[in-house]
Amino acid sequence: MRIYYVYILKCADNSYYSGITSNISKRLEEHQTGRYPDSYTFYRKPLQLAFYAEFTHPEIAIETEKKIKKWSRAKKEALIEGRYNDLPNLAKKKFKNK
């Protein structure tokens, strides 16, 4: 059974990068060594693995990674810190009263 990983890297500029891979150690090495010069992380090293989750179905992993990419910084940090109960509230938009 193949395992797929959804991961979040914390970059040197304190931004976050989300990705998916089936070989997390190889992919982290590629990020750290700058294998892909056009990638988001190329000029943001050093990188730190902040979070990862394992999946057995690639479709679910891809869907999860796409969702995380759209999340706010606060929501990503709640996930990284294991504050799962905070996630639903961080999904709500705050609308200003006119």
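Looking for something farther than 20 Å from Ala12 by Cα and surrounded by 14 or more Cβ atoms within 10 Å (Cβ to Cβ) - is there at least one such residue anywhere in segment 47-60? Within segment 47-60 (the criterion being farther than 20 Å from Ala12 by Cα and surrounded by 14 or more Cβ atoms within 10 Å (Cβ to Cβ)), the answer is yes, since at least one residue qualifies. Of the residues making up segment 62-70, none is of a type in the set (A, V, I, L, M), in contact with a helix residue (DSSP H, G or I) (Cβ under 6 Å, 6 or more places away or on another chain) and in contact (Cβ under 8 Å) with a residue 12 or more places away in the chain. Has segment 27-37 got at least one residue that is of a type in the set (Asp, Glu) and at pLDDT below 95? No, every residue in segment 27-37 fails to be of a type in the set (Asp, Glu) and at pLDDT below 95.
Only a single criterion out of (1) crowded, with 16+ Cβ neighbours inside 10 Å; (2) out of contact with any Cys (no Cβ under 9 Å at 6 or more places or on another chain); (3) modelled with pLDDT of 95 or more is not satisfied by Asn23, namely (1).
The values are calculated or read from the model by the stated rules, or taken from the named source; none is laboratory data. These figures come from a predicted structure and were not determined experimentally. So basically every Cβ, Gly included, is an ideal-geometry build from the backbone, and we count neighbours across all protein chains shown.
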